[in-house]
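The values are calculated or read from the model by the stated rules, or taken from the named source; none is laboratory data. Keep in mind that what you see is a predicted model, and the values were worked out from it rather than measured. Virtual Cβ from ideal backbone geometry, glycine too; neighbours counted across all protein chains shown.
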Amino acid sequence: MRCVVANWKMNMLQGEASTFCDTFLEGYTPKDNVQVAVAPPFTLLTAVHDMLREKGIITIAQNGHYAKRGAFTGEIAMAQVKDAGANGVIIGHSERRHLFGETDEVVGKKLVKARAKGLLPVLCVGETLQDRDSGNTFMVLRQQLQVVAQAGPGPLWVAYEPVWAIGTGRRADLAQIQEAHAFIREEVQVAFGVPGTNVPILYGGSVTPDNFGEVLGVQHVAGALVGGASLDPAKFLQLVGIAQS
Ligand code: PEP
């Protein structure tokens, strides 16, 4: 199965989200080979879930806290995310790691808690340009993937998102994507055994309708996590169409 995820980040108001969903649904025909997912901000989770679920599109939160409840002003618990309609949650996005200081330890706790609440974790991993330039890409990926072994087999999507490719217009080249995805596949298989073969590994970083086709042709690429291009329903429809074809 292929997967295409729209990460809206901190964009969209109620009216914009509603217009997006109307336009998208008009042009969208579900197909069994592709799971479409949208990750709106928390404030839009319920509305987007209600608008899109009829056509089998799942809703994913962009974050969730690992604590059950309590004095964490400004945070949202996994149970609340689930209660708002989310089917899954993005964990360890590079913007969370780098702008908000999320460590692998925190990411690991979130992964475990998401599963405990029945949410599909979408775990993001990826190296910075400095990591890549100093030859540390695979060391960093292995480190970030330790949470997978620690959590053990269970529901999981992984997104390989080189930090230098996110929102920069500089997509990783096919050879870089190929070797990173092969590495992640191996790590997940070591962690999960045979079920690791079926964990979808998505690519993320400046994916557009112009470059998605060739990315999908790379071994172990099951789809994409898309930021910028997912804000435009026409472009997102194109991306979904490419995955379906
Ligand atoms: C992202 O938000 O995870 C992302 C990949 O963004 P963009 O597609 O804009 O690079």
Hey, GLY169 hits all of (1) crowded, with 22+ Cβ neighbours inside 10 Å; (2) within 16 Å of the ligand (Cβ to nearest atom); (3) within 25 Å of ARG97 (Cα to Cα) but one; which does it fall short on? (1)
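Okay, residues lined up against (1) at pLDDT 95 or above; (2) exposed (fewer than 15 other Cβ atoms within 10 Å of the Cβ); (3) farther than 30 Å from VAL140 by Cβ:
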residue: THR23; (1), (2), (3): yes, no, yes
residue: TYR28; (1), (2), (3): yes, no, yes
residue: ALA39; (1), (2), (3): yes, no, no
residue: ALA61; (1), (2), (3): yes, no, no
residue: ALA71; (1), (2), (3): yes, yes, yes
residue: GLY85; (1), (2), (3): yes, no, yes
residue: ILE90; (1), (2), (3): yes, no, no
Filtered residues of segment 22-59 (kept if polar (S, T, N, Q) and outside any loop (DSSP other than H, G, I, E, B)): THR23, GLN35, THR43, THR46, THR59
Only one residue in THR137, THR197 is over 25 Å from CYS21 (Cβ atoms) and either surrounded by fewer than 16 Cβ atoms within 10 Å (Cβ to Cβ) or touching a residue at least 60 places away in the same chain (Cβ under 8 Å) (or both), so which one is that? THR197
Please determine whether any residue of segment 125-148 is at pLDDT 95 or above, under 28 Å from TYR28 (Cα atoms), part of a loop (DSSP other than H, G, I, E, B) and away from the ligand (no atom under 16 Å from the Cβ). no
Which condition breaks for ALA71 when tested against (1) within 17 Å of the chain's Cα centre (by Cα); (2) away from the ligand (no atom under 16 Å from the Cβ); (3) under 22 Å from ALA116 (Cα atoms)? (1)
Hey, SER230 farther than 16 Å from VAL125 by Cα, at pLDDT 95 or above and either more than 10 Å from the ligand (Cβ to nearest atom) or under 14 Å from the mean Cα position of the chain (by Cα) (or both) or not: yes
Could you tell me whether GLU105 is acidic (Asp, Glu) and not in a helix (DSSP H, G or I)? no
Flag if ALA86 is more than 16 Å from the ligand (Cβ to nearest atom), of a type outside the set (Ser, Thr, Tyr), on the phi < 0 side of the Ramachandran plot and in a loop (DSSP other than H, G, I, E, B): yes
So, in segment 64-91, how many residues would count as being under 14 Å from LEU120 (Cβ atoms) and not hydrophobic (A, V, I, L, M, F, W, C)? 5
Flagged pairs (Cβ under 6 angstrom, 6 or more apart or on separate chains; first in segment 213-232, more than 17 Å from GLY88 (Cβ to Cβ) and of a type in the set (D, E, K, R); second at pLDDT 95 or above and within 12 Å of the ligand (Cβ to nearest atom)) are none
Note on segment 1-18: residues in contact (Cβ under 8 Å) with a residue 40 or more places away in the chain and not small (Gly, Ala, Ser) are MET1, ARG2, CYS3, VAL4, VAL5, ASN7, TRP8, LYS9, ASN11, MET12
Flag for GLY196 being at pLDDT 95 or above and either out of contact with any Leu (no Cβ under 9 Å at 6 or more places or on another chain) or not in a loop (DSSP other than H, G, I, E, B) (or both): no
Residue hits (segment 200-220; more than 11 Å from the ligand (Cβ to nearest atom) and either assigned to a helix (DSSP H, G or I) or touching a Pro at 6+ places or on another chain (Cβ under 9 Å) (or both)) are GLY213, GLU214, VAL215, LEU216
